[in-house]
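A.B. asks: First, the structure itself, so that you have it in front of you.
The values are calculated or read from the model by the stated rules, or taken from the named source; none is laboratory data. Note that the structure is a prediction, hence the values are computed from the model and not measured. Glycine also receives a Cβ, built like all others from the backbone with ideal geometry; neighbour counts cover every protein chain displayed. The accessibility values were calculated without ligands, DNA or RNA, using every heavy atom of the protein model including side chains. Shrake-Rupley method; radii C 1.70, N 1.55, O 1.52, S 1.80 Å.
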Amino acid sequence: MQQRGGGQTTQAPFFEDHMTDELWIALEDFSELSHVAAWCATRCASGGPELGRCARICQDLAEIAALNEMLIARDSMFGPEIATAFLRVADEGLPTLRQFRDRHPHVLETVATIERTMNSCESLLRRVGGGSQGRQGTGTGAGSTGSRGMRGMAEQGEYGQGMSGQPRGGSEVTGQRY
């Protein structure tokens, strides 16, 4: 950009320049999970009726992971809220998936990817808002104060920088058009 009168040239900051390690890790984990869970859903769907619920859970997780990836990539102020929803869906779906992991390697790989993504998501939420929805045995809940706190932090640019809503790079999420 040219500044008038001074003749100096300054570059506009890019979103990537303000990405924290937690954001990068969560972005990569959500991207991987969206692909792995979709693959697992396809495998489960062709694996017989006993895997039907597993297929539906995996498809749900694939889609919510892709949504989280898109929201992080465009620095959405609603990212923390959807990340918290991901944690709830994953936490509720994991017991069902774990029932099949010993007999189905694709489910085992998906469970490991979900757990890794949950860990990076929780780390990110702690960084941006001082808390996240509790997982089994943690004793922490996602009360309205916690959600407002994360959203408030996000609106101040703590979830990334810049609130233009425009992507500044990032990755192609699922190959689907919305």
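Here's the yes/no breakdown for (1) assigned to a helix (DSSP H, G or I); (2) at pLDDT 95 or above; (3) open to solvent by 20 Å² or more (accessible area, probe 1.4 Å):
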| residue | (1), (2), (3) |
| --- | --- |
| 56 | yes, yes, yes |
| 72 | yes, no, no |
| 76 | no, no, no |
| 85 | yes, yes, yes |
| 88 | yes, yes, yes |
| 93 | yes, yes, no |
| 121 | yes, yes, no |
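A.B. asks: Return yes when residue 76 is touching a residue at least 60 places away in the same chain (Cβ under 8 Å), more than 18 Å from residue 114 (Cβ to Cβ) and polar (S, T, N, Q) and no when it is not.
C.D. replies: yes
A.B. asks: Could I ask something else about it? Of all residues in the stretch 95-117, which are out of contact with any helix residue (DSSP H, G or I) (no Cβ under 8 Å at 6 or more places or on another chain), part of a helix (DSSP H, G or I) and surrounded by fewer than 15 Cβ atoms within 10 Å (Cβ to Cβ)?
C.D. replies: 95, 105, 112
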